[in-house]
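Remarks on the structure that follows.
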């Protein structure tokens, strides 16, 4: 029975996740919980560095048990991480991880905030982090977030007193939070912010500590805890049938791109928070002790509290609509509050509760998920009142601000559907993440519209406002226009309604590698955002390259259709690189951007508009062997990159790994984190090692030491560590200067390590048997040399190679040296006698 119940609860939450884009339809119990939250006027801000850093147990507890307004301020959007669900990295991964955070907050009840800091990759010290981020700018964003959210309590995930002991981003998040705590009430600190916010002073600042920060459970047990509060976050919620840790696990499991699926637990779970600033509560279980969290904290709030306390006490679970008249009275009181901050927050909350009690369903849908500026859209509007309350639809206001009178009495359970045609403004901005509109720096996003700083996503500009009269009081509800359709498998499916450019363009390949000076055909794909596109395309290219023809005509009749054009690229004779950009001329406009769609079931459909650029490289490269078997791990585009330089690459599924199949490959490449993510490989290791012994090449890319699925990752002893070199400019020393891998078929020099991006590599082994030969040495400033980035061992007649070098980042960036070195790795054992003579000479 327990298993069946657990599965039922999971299935219910799975439905919630699948329909995350659908309108909320709260139950009677959920309405009652919302009433409790309406009656609590206290706020908590949780602060850390990345998506997945947040403590979802504490966020859920504060939101669902304490009923506090709770938010997570993630300083970055996680662009620098790895992606376990697909090939997206950097900016596109940041878009995915932003939406994963929002999905998590929909489950645990929190809100989501950000700064403009860019996750540029692992950083070993906050000094480096804050230099790359631009400390003053990020600090100003933290101050802004606190001033706008106005938390009574701030909780840091990390310790500000331990620089260099963990990720530099982690420590920096805490350091900035501590510094901001003393600045937010100073009107001379970032005074320009005060035109859109006001000064504020939180009462307490905590550090969410645990045994981990003490080094061991034993040390933590013996530590002085007089300055710590204990919070039991293991509470059970009968209204949902879930414990708080179960809700927290469902929330954390939304970080799917990072592989943080979590299993819920039950029973007491103690969280510890250490006071950093402010006064320590005498009741160490009450984080808000001494802070008035009732309506009495507001001028004019006492009478509102009296009304709402009575509503909560007399709430009828069988008939929530019985509360509407008193809720409307409270709404009028809230509308007259002088405190604009709480007035705005509580107005939204009580409107949602009134709508839920009335069974109000308000929706504005269109029959396509996108349109262009200047076009007309047909809106389908639905409104229904499922209560006996007197409700009149007075009017609607369309996206252009035009009021359309209706004066319709909404009788109980009578559905009203009507249509409106709206002309989208010709200057309507396209839909794209606001932080990607302008090109930023390595450490910072460039956000031109300062009013958007901190918001999790671009606000929806195309909305419908329904002006209602409820129990003789005017109340308006604004709904974003959405696209709704029926999927034969998923049923009702919602997508955001987006404004796209009238035309977008991309080159099929993001990186093009040419290993000779022979011409190469490339495909340009033009996509129409509206009907009847006519114009021409040119390709911007480096000066020493040629592209023919100079221009080609574009004619597309129907929106959504694509036209594919072939251009011929003629490279120079010498090694060279640059960018190709398609330029689509339509009338007086030139379009140079690519429309990217991100479609995963666990997050809303995303549309991203980025500059359409393809890296093109004329590369001096030689290679041996032709047929490569690739075992996929976490998402990467290494197979596509190897095809770029002429290899035949076949994707090998675990079930296809057999002695007979392996014989046809010159080399087998194991994808990044494959040993962390592919359970079946533990049954295939011996076959792979036998393949090497018979003369094959096996190249294993980086894995993390945590969660290894195989008993033995190499045929000899090899121990992974957390060693990494994060400085992409770090000097690289060639250790085995006479080794085949550095000499043939391509002579590798220090120049091949120029232009690397984000890092040199990660999770290098730190122990290995004598059979392995370390090829390279590198280190970050102030650290000892790391020699485990590329290890080669002869095993039988073949070679086993382990590398933590970040080829998966360098290939998409078109880094020439990375391709040349990888070609040498694949060529091991296949070089002829003349090559061997090259090494000697």
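Given (1) surrounded by fewer than 13 Cβ atoms within 10 Å (Cβ to Cβ); (2) under 30 Å from residue 389 (Cα atoms); (3) touching a residue at least 12 places away in the same chain (Cβ under 8 Å), identify the lone condition not met by residue 326.
Exception for residue 326: condition (1).
One residue is enough: does region 258-266 have a residue meeting the conditions in contact with a strand residue (DSSP E or B) (Cβ under 9 Å, 6 or more places away or on another chain), surrounded by 14 or more Cβ atoms within 10 Å (Cβ to Cβ) and either assigned by TED's automatic domain parsing to the domain that holds residue 63 or under 30 Å from residue 144 (Cβ atoms) (or both)?
Yes, there is a match, as at least one residue in region 258-266 is in contact with a strand residue (DSSP E or B) (Cβ under 9 Å, 6 or more places away or on another chain), surrounded by 14 or more Cβ atoms within 10 Å (Cβ to Cβ) and either assigned by TED's automatic domain parsing to the domain that holds residue 63 or under 30 Å from residue 144 (Cβ atoms) (or both).
Check whether at least one residue in region 434-456 is more than 22 Å from the chain's Cα centre (by Cα) and either within 30 Å of residue 142 (Cβ to Cβ) or not in a strand (DSSP E or B) (or both), and report yes or no.
No, every residue in region 434-456 fails to be more than 22 Å from the chain's Cα centre (by Cα) and either within 30 Å of residue 142 (Cβ to Cβ) or not in a strand (DSSP E or B) (or both).
Could you tell me whether any residue of region 817-828 is closer than 16 Å to residue 700 by Cα, at pLDDT 95 or above and within 28 Å of the chain's Cα centre (by Cα)?
Checked region 817-828: at least one residue is closer than 16 Å to residue 700 by Cα, at pLDDT 95 or above and within 28 Å of the chain's Cα centre (by Cα).
Determine whether residue 710 is free of Cβ contacts under 8 Å to residues at least 60 places away in the same chain, assigned to a strand (DSSP E or B) and either surrounded by fewer than 18 Cβ atoms within 10 Å (Cβ to Cβ) or outside the structural domain of residue 80 (by TED's automatic domain parsing) (or both).
Answer is no for this residue.
Among residues belonging to region 52-76 that are part of a loop (DSSP other than H, G, I, E, B) and either modelled with pLDDT under 95 or touching a strand residue (DSSP E or B) at 6+ places or on another chain (Cβ under 6 Å) (or both), point out the one that is surrounded by the fewest Cβ atoms within 10 Å (Cβ to Cβ). Talk me through it step by step, then tell me what you get.
We begin by selecting, within region 52-76, every residue part of a loop (DSSP other than H, G, I, E, B); these are 52-55, 66-68, 75-76.
Pick out the ones that are also either modelled with pLDDT under 95 or touching a strand residue (DSSP E or B) at 6+ places or on another chain (Cβ under 6 Å) (or both) and you get 52, 54, 68, 75-76.
Values: 52: 21, 54: 29, 68: 24, 75: 28, 76: 28.
Applying the filter and picking the extreme gives 52.
Where in region 752-841 are the strands (runs of 3 or more DSSP E), entirely inside, with at least 1 residues that are in the same structural domain as residue 669 (by TED's automatic domain parsing), closer than 30 Å to residue 508 by Cβ and out of contact with any helix residue (DSSP H, G or I) (no Cβ under 7 Å at 6 or more places or on another chain)?
It comes to 761-768, 798-803.
Which number in (1) under 30 Å from residue 91 (Cβ atoms); (2) surrounded by fewer than 23 Cβ atoms within 10 Å (Cβ to Cβ); (3) in contact with a strand residue (DSSP E or B) (Cβ under 7 Å, 6 or more places away or on another chain) marks the one condition that residue 755 misses?
Going through the list (1) under 30 Å from residue 91 (Cβ atoms); (2) surrounded by fewer than 23 Cβ atoms within 10 Å (Cβ to Cβ); (3) in contact with a strand residue (DSSP E or B) (Cβ under 7 Å, 6 or more places away or on another chain), residue 755 breaks only (3).
Assess whether residue 112 counts as being over 28 Å from residue 602 (Cβ atoms), surrounded by fewer than 24 Cβ atoms within 10 Å (Cβ to Cβ) and in the same structural domain as residue 192 (by TED's automatic domain parsing).
Judged against the criteria, residue 112 is not a match.
Go through the residues of region 317-338 one by one and say whether even a single one is farther than 30 Å from residue 417 by Cβ, in contact with a strand residue (DSSP E or B) (Cβ under 7 Å, 6 or more places away or on another chain) and at pLDDT 95 or above. Reasoning before the result, please.
Let us first name the residues in region 317-338 that are farther than 30 Å from residue 417 by Cβ, namely 317, 326, 329-330, 332-338.
Cutting the leftovers down to in contact with a strand residue (DSSP E or B) (Cβ under 7 Å, 6 or more places away or on another chain) gives us 332.
Narrowing further to those that are at pLDDT 95 or above: 332.
Yes.
Which one of these is assigned by TED's automatic domain parsing to the domain that holds residue 78 and not in a loop (DSSP other than H, G, I, E, B): 184, 142?
142
Sort through 704, 737 and tell me the only one that's more than 23 Å from residue 626 (Cα to Cα), without any contact (Cβ under 8 Å) to a residue 12 or more places away in the chain and not in a strand (DSSP E or B).
Matching residue, one of 704, 737: 737.
Can you find a residue in region 145-155 that is over 21 Å from residue 59 (Cα atoms), touching a helix residue (DSSP H, G or I) at 6+ places or on another chain (Cβ under 8 Å) and part of a helix (DSSP H, G or I)? First the steps, then the outcome.
First, pick out the residues of region 145-155 that are over 21 Å from residue 59 (Cα atoms): none.
Scanning region 145-155, I find no residue that is over 21 Å from residue 59 (Cα atoms), touching a helix residue (DSSP H, G or I) at 6+ places or on another chain (Cβ under 8 Å) and part of a helix (DSSP H, G or I), so the answer is no.
Considering only residues that are under 16 Å from residue 382 (Cβ atoms) and touching a residue at least 24 places away in the same chain (Cβ under 8 Å), look in region 486-505 and name the one that is farthest from the chain's Cα centre (by Cα). Give the steps one after another, and end with the answer.
The initial filter retains those residues of region 486-505 that are under 16 Å from residue 382 (Cβ atoms), namely 486, 492, 494, 497.
Adding the requirement that they be touching a residue at least 24 places away in the same chain (Cβ under 8 Å) leaves 492, 494, 497.
Details: 492: 25, 494: 20, 497: 20 Å.
Looking at residues that are under 16 Å from residue 382 (Cβ atoms) and touching a residue at least 24 places away in the same chain (Cβ under 8 Å), I get 492.
Kindly establish whether residue 257 is part of a helix (DSSP H, G or I), more than 28 Å from residue 288 (Cβ to Cβ) and touching a helix residue (DSSP H, G or I) at 6+ places or on another chain (Cβ under 9 Å).
yes
List the residue pairs whose Cβ atoms are under 8 Å apart, where the first residue sits in region 662-680 and is at positive phi and assigned by TED's automatic domain parsing to the domain that holds residue 811, the second is surrounded by fewer than 20 Cβ atoms within 10 Å (Cβ to Cβ) and in a loop (DSSP other than H, G, I, E, B), and the two are 6 or more positions apart or on different chains.
Taking only residues 6 or more apart or on different chains, the pairs are 673/84; 673/704.
Check 427, 417 and return the single one that is more than 26 Å from residue 105 (Cβ to Cβ) and part of a strand (DSSP E or B).
417
The values are calculated or read from the model by the stated rules, or taken from the named source; none is laboratory data. Being a predicted model, the structure only gives us computed values, none of them experimental. Cβ coordinates were reconstructed from backbone atoms using ideal geometry, including for glycine residues, and neighbour counts include every protein chain displayed.
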